[in-house]
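> Structure in structure tokens, see below.
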Amino acid sequence: MTYEHRVSELDTYLFAKGTHYQIYEKLGAHPAEEEERQGTYFAVWAPNAAAVSVVGDFNGWDQEAHFMAPVQQSGIWDIFVPDVHVGALYKFAVKDKNGRVVLKADPYGNESQLRPDNAPMAIYEVHPGSWKRDESRPGGFYDYRRLAHELAEYVTSMGYTHVELIGISEHPFDGSWGYQVSGYYAPTSRHGHPMDFMYFVDYMHQKGIGVILDWVPAHFPKDEFGLGRFDGTALYEHEDPRRGERPDWGTYCFNYNRTEVSNFLVANALFWIEKFHIDGLRVDAVASMLYLDFGRSDGNWIPNRDGGNEDYEAIEFLKHLNSIVARRDPGAMMIAEESTAWPKVTGAPEDNGLGFTYKWNMGWMHDFLEYNKCDPIFRKYHQSQITFSFMYAYSEKYVLVLSHDEVVHLKKSMIYKMPGTMPEKFGNLRAAYGLMIMHPGKKLLFMGQEFAQLEEWSEARSLDWYLLDRYPEHRQMQHYYQALLQFYKAHRALYELDDSPEGFEWINGSDSEHNMLTFCRMTKDRKDCLLCHFNFSPVVYDNWRSGVLCPGTYTEVFNSNAEEFGGTGVVNDKPIQAEAVGWDFKEYSIGYKLAAYGVCIFKFDYVEPPKVKKEEAAKKHSDAMKRVTQKDKFHLAGHYKKITY
């Protein structure tokens, strides 16, 4: 069948003459129908392009999935893509005559994404000096250009959306990982020259990958050649060591009250964003800036004018910084590493917030890891450690983080935090990563943990890439995390309402006896919702029953126990119809197979359940509770014998 362009010859004639005053009805993105299928028609003017494709959340940002066709000799390209609806995220991948591909926003787009709005966001935290090593170069460091190509290929294949780089601002000591900065305006020369770093950022952008840098405005080292006592006096720092020194780190603290110092730091943030086109800054150690007594013993800190421990000068600096960045570079992200319960970290400055785009969820990280380190026998006493974070998930805009700080200094790698035998460790880690991806919030994982790096991270050596060649378990774990990221990006229920309680519904968060957790992630239109079940025990169930929100069909779309991930293959390969059987205080329920340390995800469309009389509902709840008691007894009677790997 010959493709029919929706841009007519008259359209192209008038457009070429410059008199098509309603061209916006033809170019851009418009809802359309073709062969009784709803979708979107895309058209863009790019007369000198060698090829153009449309990419978005509907095709995993695959540049080869939907190539556009040229319209006559007009320089316009168009395509109809079925099943793409209003609100989808998209860009045009434009390939020039030299083969360079750049992702371009639609010039005729009617609605733009806010910074960065509720798009999927999966960050790969990378220390460039130890991701891979090149022993032929001084210090064994990759150069920026080689790093760009190899890292972009890996990140793209895995499904990450961003990289966050540790240690780019120049620093004298490798072991500081870049957190004791000596050159705020200099990309580290370990990997090449500033133009090489510009190439790195540009290349990552060509591949559709955002770049975030760690940025350190909280303190600076005492090295004699640096900022400390710059003119023989405390110029950048406070004179009094009770304000001007950070005893735990052996560093100086910036004097934010001095306008020239504040200017130095604000301009530096803009320098990275505007000169190197960085997409965001992760601001390190924000808590140390907010509290005057942070890391200081009694009597060794100076209260504020009201007698409290809040650093008013730092607070105003952060508000000013984030306001300036938001005004000048509205697409840039400012991400706070803030480890306390300071209110409104991501709130607007005019509403007494600090103005950050996101906050690292350190509380979730701590509780999540403590729970997963427990032997399953004792997890029933720690259920709140995996449920408490849902109570405050919408108080800020969060990034869920499993960062470099958690896999160093005898804290063990992620795989060795898990209890049990090695097969149990891998199963448990799959369950843990599954919960992280399905939990509200953006995602960050430190390099190497995606393939279950065995050793703790060290800045002095490469990751243990050899594990992927020697042991299938590590390849399977890498494939599993890749599948999780692809699943995350492909299902809008996991990000469309990421900052709203309307995007989440509990099924059962209190089943501590069985180490279970069940909830739903919802979409705006209540279509393509997800029922998410997590089994953090080594018990296999042939017919587990779970309550559901409504009647209808429940189709398993992801299972951590698939053989390709290293599981036993106990999955649910047929759609399941909800039954009018009360369970988990819901009117309907489904029964399904559940593997040890299993993650089962079912897709469903929400429909309003039929009204049930109060007496009938009470009886169903009573019957459900009786069945739960029987189920508990059955569990305690010996189901732990059904451990299978």
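> If R₀ is 56 angstrom, what is the calculated FRET efficiency for the pair Glu502 and Tyr312, using the beta carbon separation as r and rounding to 0.05?
Working: r = 37 Å, r/R0 = 0.65.
Efficiency computed from Cβ-Cβ geometry: 0.95.
> Moving on. Using a ≥ b ≥ c from the Cα gyration tensor of the stretch 337-413 (square roots of the eigenvalues), is it rounded, prolate or oblate, where a/c under 1.5 gives rounded and otherwise the larger of a/b and b/c decides, a/b for prolate?
Because a/c hits 1.5 or more and a/b fails to exceed b/c, the stretch 337-413 counts as oblate.
> Go through 277-287, 198-208, 19-29 and give me the packing order, highest mean Cβ count within 10 Å leading. Intermediate values should be presented prior to the final figure.
On the way: 277-287: 22.5, 198-208: 18.6, 19-29: 15.1.
With the highest mean Cβ count within 10 Å placed first, the list reads 277-287, 198-208, 19-29.
> With all pairs of different alpha carbon atoms counted, what Kirkwood hydrodynamic radius in Å does the stretch 486-545 show?
Taking every pair of different Cα atoms in the stretch 486-545, averaging 1/r and inverting gives 12.7 Å.
> Just one of (i) 89, 60, 53; (ii) 80, 75, 55; (iii) 103, 64, 46 is Cα extents along the principal axes in Å calculated from these coordinates, so which is it?
Read-out from the structure maps to (ii).
> Could you sort the peptides 371-378, 495-502 by per-residue average Cβ neighbour count (10 Å cutoff), highest mean leading?
On the way: 371-378: 15.4, 495-502: 18.2.
The packing order, highest mean first, is 495-502, 371-378.
> Then there's this: Find the relative contact order for the chain and round it to a whole percent, using C-alpha pairs within less than 8 Å whose residues are 6+ positions apart. Intermediate results must be reported in sequence, preceding the final value.
Details: 1269 pairs, mean separation 57.6, N = 645.
It comes to 9 percent, rounded to a whole number.
> Label points 7 Å out from Cα along the Cβ direction at Glu370 and Ser395: separation in nm?
The two pseudo-label positions are separated by 1.5 nm.
> Amide H of Glu245 versus every other amide H placed in the peptide plane: which residues, excluding those fewer than 5 positions away on the same chain, fall under 5 Å?
Those qualifying (amide H under 5 Å, at least 5 residues apart or on another chain) are Cys253.
> To continue, here is another question. Less than 14 Å Cβ to Cβ from Gly299, Lys/Arg counted +1 and Asp/Glu -1: what total charge do the surrounding residues give?
Around Gly299, the charge tally is 0.
> Right, something else. Fewest first, what order do Ile576, Ile212 take by the number of other Cβ atoms within 10 Å? Provide the component values of the computation, followed by the final result.
Working: Ile576 17, Ile212 22.
Result, fewest neighbours first: Ile576, Ile212.
> So if I take the centroid of the Cα atoms in the stretch 5-23 and the same for the stretch 236-291, what is the distance between those two points in Å?
54 Å
> Further question: What does the C-alpha gyration tensor say about the overall shape of the stretch 196-303? Classify as rounded when a/c is under 1.5, otherwise prolate if a/b is larger than b/c, or oblate. Before the final figure, lay out the partial values.
Values: a/c = 2.71, a/b = 2.01, b/c = 1.35.
Verdict is prolate for the stretch 196-303.
> Assuming a ≥ b ≥ c are the square roots of the Cα gyration tensor eigenvalues, decide whether the stretch 442-581 counts as rounded (a/c under 1.5), prolate (otherwise, with a/b larger than b/c) or oblate. Numbers along the way, then the final one.
Values: a/c = 2.17, a/b = 1.63, b/c = 1.33.
Prolate is the answer for the stretch 442-581, as a/c is 1.5 or above and a/b outweighs b/c.
> Right, next: Which of the residue pairs Lys222/Lys359; Lys132/Lys443; Lys132/Lys411; Lys91/Lys132; Lys412/Lys489 have a Cα-Cα distance greater than 27 Å in the structure shown?
Working: Lys222/Lys359 29 Å; Lys132/Lys443 23 Å; Lys132/Lys411 22 Å; Lys91/Lys132 32 Å; Lys412/Lys489 29 Å.
Check vs 27 Å cut-off fails for Lys222/Lys359; Lys91/Lys132; Lys412/Lys489.
> Rounded to the nearest 500 deg cm²/dmol, what is the calculated helix-only ellipticity per residue at 222 nm for the chain, with -39500 (n - 2.57) per DSSP H run of length n ≥ 4? Before the final figure, lay out the partial values.
Values: 15 runs with 162 residues, N = 645.
Per the formula, -7500 deg cm²/dmol.
> So for the pair Ile302, Arg100, with labels modelled 7 Å out along Cα→Cβ, what separation do we get in nm?
For the pair Ile302/Arg100, the computed spacing is 5.2 nm.
> Please give the Cα centre distance for the stretch 350-368 versus the stretch 545-568, rounded to the nearest Å.
Centre-to-centre (Cα) distance: 32 Å.
> Net charge near Phe200: determine it from the other residues with C-beta under 10 Å of the C-beta of Phe200, scoring Lys and Arg +1 and Asp and Glu -1.
Working: positive: Arg145, Arg146; negative: Asp143, Asp196, Asp202.
Taking every other residue near Phe200 into account, the sum is -1.
> At a Förster radius of 41 Å, what calculated FRET efficiency corresponds to the Cβ-Cβ distance of Glu33 and Arg146, to the nearest 0.05?
0.30
> Using 0.36 nm per residue of separation minus the Cα-Cα distance, give me the extension gain between Arg258 and Glu170 in nm, one decimal.
Numbers: separation 88, 0.36 × 88 = 31.68 nm, distance 2.37 nm.
Fully extending the segment from Arg258 to Glu170 adds 29.3 nm.
> By average Cβ neighbour count within 10 Å, what is the ranking of 510-521, 235-246 from highest down?
Details: 510-521: 20.3, 235-246: 17.6.
The densest-packed peptide leads the list: 510-521, 235-246.
> Right, next: Return the FRET efficiency for the residue pair Gln206, Glu4: r is the Cβ-Cβ distance, R0 is 30 Å, and the value is rounded to the nearest 0.05.
Numbers: r = 32 Å, r/R0 = 1.08.
Efficiency at R0 = 30 Å is approximately 0.40.
> While we're looking at this one, here's another question. For the stretch 1-144, I need the span (max minus min coordinate) of the C-alpha atoms along each principal axis, in Å, sorted largest to smallest.
If we take the Cα atoms of the stretch 1-144, the spans are 63, 33, 32 Å.
> At what distance in angstrom do the alpha carbon centres of the stretch 523-544 and the stretch 149-226 lie from each other?
Value for the Cα centre distance between the two parts: 39 Å.
> Hey, can you grab everything whose amide H is under 5 Å from the amide H of Tyr398? Only 5+ residues off in sequence or another chain; H modelled, so Pro and N-termini drop out.
Residues meeting the amide H criterion: Lys359, Lys442.
> Using a cut-off of 20 Å between alpha-carbon atoms, which aspartates and glutamates can reach Lys574, once sequence neighbours fewer than 8 places away in the same chain are excluded?
Asp528, Asp542, Glu556, Glu563, Glu564, Asp605
Where a number appears in this text, it was derived from the coordinates with a stated rule and is not lab data. Computed from a predicted model, the values in this text were never measured in an experiment. All Cβ positions, glycine included, derive from the backbone under ideal geometry; neighbour counts span all protein chains shown.
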